[in-house]
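Values quoted throughout were computed directly from the atomic coordinates according to the rules given, and no laboratory measurement underlies them. Keep in mind it's a predicted model, so treat the numbers as computed, not measured. Note that we place each Cβ from the backbone using ideal geometry, even for glycine, and neighbour counts take in every protein chain shown.
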Amino acid sequence: MLDESATSYAGRLSVAKLNIDENTKTPSEYHVRGIPTLMLFKNGQPVATKVGAVSRSQLTAFIEDNPVKPGDSNTRAPCSCPRLGDSCRRKLDKV
């Protein structure tokens with residue numbers, strides 16, 4: 001579902017995934033208390049967090065109803081996945 005959202009919001013929102021088992025410092029840095037955790041970032045800082053599984057409509061509402069609107073510069077939503085590894089946060093800071 002996140003990959004579909006990445007496609008739907010392409011050019012307006014970047015989606016990054018982070019595997020917390022491979023990046024053990026990141027959860028405590030961002031006060032992650034449950035999995036999955038969705039976070040919206042602006043200018044490298046978290047501005048909204050949602051913990052727990054969400055439906056497609058809940059994900060859309062989370063993105064649309066938060067202070068970071070799709071299309072704002074430096075908008076990102078990281079989550080859990082092994083693909084990006086430790087470089088995830090560094091990549092997010094550059095987006």
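Between Ala10 and Ser55, what is the label-to-label distance in nm when each label sits 7 Å out along the Cα-to-Cβ direction?
Reported label-point gap for Ala10 and Ser55 is 2.8 nm.
If I model a spin label at Gln45 and Arg33 as a point 7 Å from the Cα along the Cα→Cβ vector, what separation in nanometres do I get?
For the pair Gln45/Arg33, the computed spacing is 2.2 nm.
With 10 angstrom as the radius, rank Ser14, Ser28 by how many other C-beta atoms surround their C-beta, starting from the fewest.
Ascending number of Cβ neighbours within 10 Å: Ser28, Ser14.
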